[in-house]
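Here's the structure, in structure tokens; my notes come after.
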Amino acid sequence: MLKKRIIPCLDVRDGRLTKGVKFKGNVDIGDPVETARRYYEEGADEIVFYDITASHEKRGIFLDVVERVAAEIFIPFSVGGGIASVADMRAVLLAGAEKVSVNSAAVKNKGLISQGADAFGSQAIVVGMDVKRTTATPEIPSGYEIVIHGGRTAMGLDAIDWAKECERLGAGELCVNSIDADGTKQGYELTLTRMISEAVRIPVIASGGAGNPLHVLEAVVKGKASAALVASITHYGEYSIRELKEYAHAHGAPMRLEW
Amino acid sequence: MLAILDYKAGNQTSVRRAFDHLGIECRITAEPEVLLAAQGVIFPGVGAAGQAMRQLAATGMDAVLRRLVRENRPLLGVCLGCQILVEASEENDTKTLGVFPGVCKRLPSELEDEDGQPIRIPHMGWNSLDFRQDCPLFAGIKDHSEFYFVHSYYVHTDPGLVLAVARHGLEFCAAYGRDGLWAVQFHPEKSGRVGLQLLRNFADYCALRSGHA
């Protein structure tokens, strides 16, 4: 049977691994290729790289990282951050990524999703959604709103409506990131994850809030997600991928335990 | 040497990287003489059946593929390459190569998984194989090992050809073929150690067949 996936997310800035966007100062925490190889060997089911390099001129450094990763790890990986055109998608796919993740650019220009799906197939197009809890209104009936710029700009768009729209436009997968839960280590935003999982028939990745193995289990069972994104809880050795998987498996979630 | 049939399939470079990593000589090529001289050919593929068939026809690669099969050369179809070796695909209502009997169908969305949840399409992620026949491709790989899948269509073929099945709402053919002419629905080039083992097994088989083992 199909297994639930655990996906470490690596933030890359100027070719180096860095702490998340919300941390000021961007501490260098290592080599992304080395870290990806470690995750590959430790049983990660997939890996996500997020380019948070500010300047467009340094894009080449990031593409070089993608190429080096592709030569060394033989599991799927996706690339997000700064993808604003079909040409951007083509560059990372040619460098060796299986999938591209589009986020803000897709909210501003939803044609990007269908153009990407037409050019590379739906399986290659992940839509990343940043979502913030709000008061339910006629415009935002679910009480979950799409935001961009790391949560600073609300788009007046209901997260459930947007998820369905992304599916209709040809997205192959959705990565649902809760701005409220992100960085708290208090658990994924399960209500949001479940609402979106139930609203679409493409796979959904839960993102933001993982603090312990129970949270991962909850994301894939209560949240009905196909996969859970993890970052700080595995980056600093607090938990291994194996520990997360064995816990979930012991509590009834199907996981890949041999690699 | 192995050859990867070049028709600009999305995963052809990933397949080459996997063979590079294994230290197995491998070339991406559309030259018929190189393909026909190779110990074995990998027929990759990602995307839609209609577009792939047009690309194969436009480049003359469809004729090369049929000749490889006619001459009984080792061939490994991967993902879309696996799907278009049968006669027809529901995807874009396409007539495909017809090397093997069968058709390619869309996974029915009304199905449920083992937990009673509606299945998600594409079938994306790691799923276990149940071997149905011994095959040199599976040497050193345990039954029920997990491989990485990404697809929305599946091959329905002669049960006698089915080498392994997997389950996503329904049981479907995950690997089929005979005598060195094989096809796999999953992506061995993205399936970690077991996937690399399968590619190595194919290379070993090809070397043995050509007497260069």
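Only the coordinates and a few stated rules stand behind these numbers; no lab work does. Just so you know, these numbers come straight off a predicted model, no measurement behind them. Cβ placement follows ideal geometry from the backbone for every residue including glycine, while neighbour counts extend to all protein chains displayed.
Below, the figures for the structure above:
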item	result
Alpha-carbon centroids, region A:174-214 and region B:104-119: separation in whole Å	23 Å
Percent RCO, i.e. relative contact order, over chain B, from Cα pairs under 8 Å lying at least 6 residues apart	19 percent
Extended-chain gain in nm, criterion 0.36 nm per residue less alpha-carbon gap, A:Glu198 and A:Ala119	25.7 nm
For region A:93-160, alpha-carbon Rg and Dmax in angstrom	13.8, 44
Cα shape, region A:213-258, gyration tensor, a/c 1.5 rule	oblate
Taking only Cα atoms of chain A, radius of gyration then Dmax in Å	16.9, 50
Stokes-Einstein D (µm²/s) once Rh is taken as the Kirkwood radius of region B:1-78 over alpha-carbon pairs, at 10 °C in 1.306 mPa s	127 µm²/s
For the protein assembly as shown, radius of gyration divided by Kirkwood radius, i.e. Rg to Rh on alpha-carbons	0.96
Extension gain, A:Leu94 back to A:Asp31 (0.36 nm per residue minus Cα-Cα distance, nm)	20.5 nm
Two-decimal log10 I(q)/I(0) for region B:112-154, as the Debye equation yields it once each C-alpha is a single scatterer, q = 0.19, 0.27, 0.33 Å⁻¹	-0.72, -1.03, -1.15
Cross-link partners of B:Lys142 among lysines (Cα-Cα below 18 Å; sequence separation of 8 or more within a chain)	A:Lys3, B:Lys190
Hull shadow area, averaged, region B:2-209 [alpha-carbon convex hull, nm²]	10.4 nm²
Separation of the A:Thr137 and B:His21 label points, Cα + 7 Å toward Cβ, nm	4.9 nm
Chain A - percent relative contact order, Cα under 8 Å, separation 6 or more	17 percent
